[in-house]
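Chemist: Just passing along the structure, written as C-alpha cells.
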Amino acid sequence: MPADETKKQRVIADLTRRIRAGEWRPGTRIPSRAQLAAEYGVSEQTIRDATRELVTAGLLESVRRGGLYVRLGGR
C-alpha cells in the first residue's frame, strides 16, 4: 500500500473513532482541512480524500462553502 494511502486510512480510522466516541456530536462542524492536516501531520489533500470517504460512508456531511459536519451519532 502506498504511503499516502496508509496515511489516509490512518486519518479515516481516527476520525471515525472520534465521531463514534462522541467527541463531535451530530451537527457539529469538524475542524478545517488545514487544522486537521496540521494535527495529523499530513497534506490537506490527504484530509480531503479521507473526509470524502467519510461523506460517502454517511459519517460526515459536506456543506458547500460551509465545511464538514458530523452526520450520524457515534454509538
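Chemist: Among (1) in contact with a strand residue (DSSP E or B) (Cβ under 7 Å, 6 or more places away or on another chain); (2) outside any strand (DSSP E or B); (3) surrounded by 13 or more Cβ atoms within 10 Å (Cβ to Cβ), there is one condition Arg25 misses while meeting the rest; what is its number?
Modeler: Tallying (1) in contact with a strand residue (DSSP E or B) (Cβ under 7 Å, 6 or more places away or on another chain); (2) outside any strand (DSSP E or B); (3) surrounded by 13 or more Cβ atoms within 10 Å (Cβ to Cβ), Arg25 fails exactly one: (3).
Chemist: So which residues in the stretch 58-75 are in contact (Cβ under 8 Å) with a residue 24 or more places away in the chain and either aliphatic (A, V, I, L, M) or within 20 Å of Thr6 (Cβ to Cβ) (or both), if there are any at all?
Modeler: Within the stretch 58-75, Leu59, Leu60, Leu68, Val70, Leu72 qualify.
Chemist: Using beta carbons and a limit of 7 Å, which pairs, at least six apart or on different chains, have the first residue in the stretch 41-54 and closer than 15 Å to Ala3 by Cα and the second one aliphatic (A, V, I, L, M) and surrounded by 21 or more Cβ atoms within 10 Å (Cβ to Cβ)?
Modeler: That search, which allows pairs on different chains as well, returns Val42/Val11; Thr46/Val11; Ile47/Val11; Ile47/Leu36; Ala50/Val11; Ala50/Leu15.
Chemist: Another one. Looking at (1) assigned to a loop (DSSP other than H, G, I, E, B); (2) exposed (fewer than 12 other Cβ atoms within 10 Å of the Cβ), which is the only condition Thr6 fails?
Modeler: Checking Thr6 against (1) assigned to a loop (DSSP other than H, G, I, E, B); (2) exposed (fewer than 12 other Cβ atoms within 10 Å of the Cβ), the one that fails is (1).
Chemist: Same structure, new question: Based on this model, can you work out whether Val11 counts as more than 17 Å from Arg71 (Cα to Cα), at pLDDT 95 or above, hydrophobic (A, V, I, L, M, F, W, C) and not in a helix (DSSP H, G or I)?
Modeler: Spelling it out, it is not the case that Val11 is more than 17 Å from Arg71 (Cα to Cα), at pLDDT 95 or above, hydrophobic (A, V, I, L, M, F, W, C) and not in a helix (DSSP H, G or I).
The values are calculated or read from the model by the stated rules, or taken from the named source; none is laboratory data. Bear in mind that the values here come from a model prediction, so they are computed numbers and not experimental data. Neighbour counts run over all protein chains shown; Cβ positions are idealised from the backbone, glycine included.
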